[in-house]
Amino acid sequence: MEQVNMAAIAHLKSDYEAWENLFLSHEDNQEQVNNGNILYGKANDNTAILIMKNVDMSAMIERASNPEFQKMVEPYVEYHEFFTLNEMKPPQ
């Protein structure tokens, strides 16, 4: 299974604190934050930013396409933007 490093922008319908509570209570997100695999923060009142290391793309696609997941996040998130990240090595 392919693993990638990702960044995401969550454009929020709800306030940031409501989104944060949902985010941390879902699946293993709190554990991933505690382990340093997910970094997240408030960009402004309606935008959250995330950096996610070693994301299992198959699991991410399965989760995002699940109707129950979509129903759960619908009141909180207008839409997401996703970006892949690549580590930069120091110049030789």
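Surface analysis of the chain yields an accessible area of 70 Å² per residue, using protein heavy atoms and a 1.4 Å probe. Packing order of peptides 70-77, 15-22, highest average first: 15-22, 70-77 (average count of other Cβ atoms within 10 Å over each peptide's residues). Rounded to the nearest 10 degrees, the inclination of helix 16-25 to the longest alpha-carbon principal axis of the chain is 70 degrees. Rounded to the nearest whole Hz, the Karplus-based 3J(HN,Hα) values (6.51 cos²θ - 1.76 cosθ + 1.60, θ = phi - 60°) of region 37-48 follow the sequence 7, 10, 10, 8, x, 8, 7, 7, 4, 10, 9, 10, with x at glycine and proline.
When a 1.4 Å probe is rolled over the protein heavy atoms, the share of accessible surface on region 24-92 that falls to carbon and sulfur comes to 52 percent. Annotation: for a label point projected 7 angstrom from Cα along Cα→Cβ of T84, residues of region 3-17 with backbone N closer than 13 Å are 3-7.
Ellipticity at 222 nm from helices only: DSSP H runs of n ≥ 4 in the chain, each -39500 (n - 2.57), divided by the residue count, give -9500 deg cm²/dmol.
For K13, the amide hydrogen comes within under 5 Å of the amide hydrogens of V77, E78, counting only partners 5 or more places away or on other chains and with H modelled in the peptide plane.
At q = 0.13, 0.17, 0.20 Å⁻¹, what log₁₀ I(q)/I(0) does region 22-92 have when each alpha carbon counts as one equal point scatterer in the Debye sum? At q = 0.13, 0.17, 0.20 Å⁻¹ the computed log10 ratios are -0.46, -0.77, -1.05. Placing +1 on each Lys and Arg Cβ and -1 on each Asp and Glu Cβ, with no other charges, gives region 1-90 a dipole about its Cα centre of roughly 220 debye.
Rounded to the nearest whole Hz, the Karplus-based 3J(HN,Hα) values (6.51 cos²θ - 1.76 cosθ + 1.60, θ = phi - 60°) of region 59-65 follow the sequence 5, 5, 5, 4, 5, 5, 8, with x at glycine and proline.
The values are calculated or read from the model by the stated rules, or taken from the named source; none is laboratory data. All figures in this text were calculated on a predicted structure; none of them were measured in a lab. We place every Cβ from the backbone using ideal geometry, glycine too, and count neighbours over all the protein chains shown. To get the accessible areas, we keep the full protein, side chains included, count just its heavy atoms, and leave off ligands, DNA and RNA. Shrake-Rupley method; radii C 1.70, N 1.55, O 1.52, S 1.80 Å.
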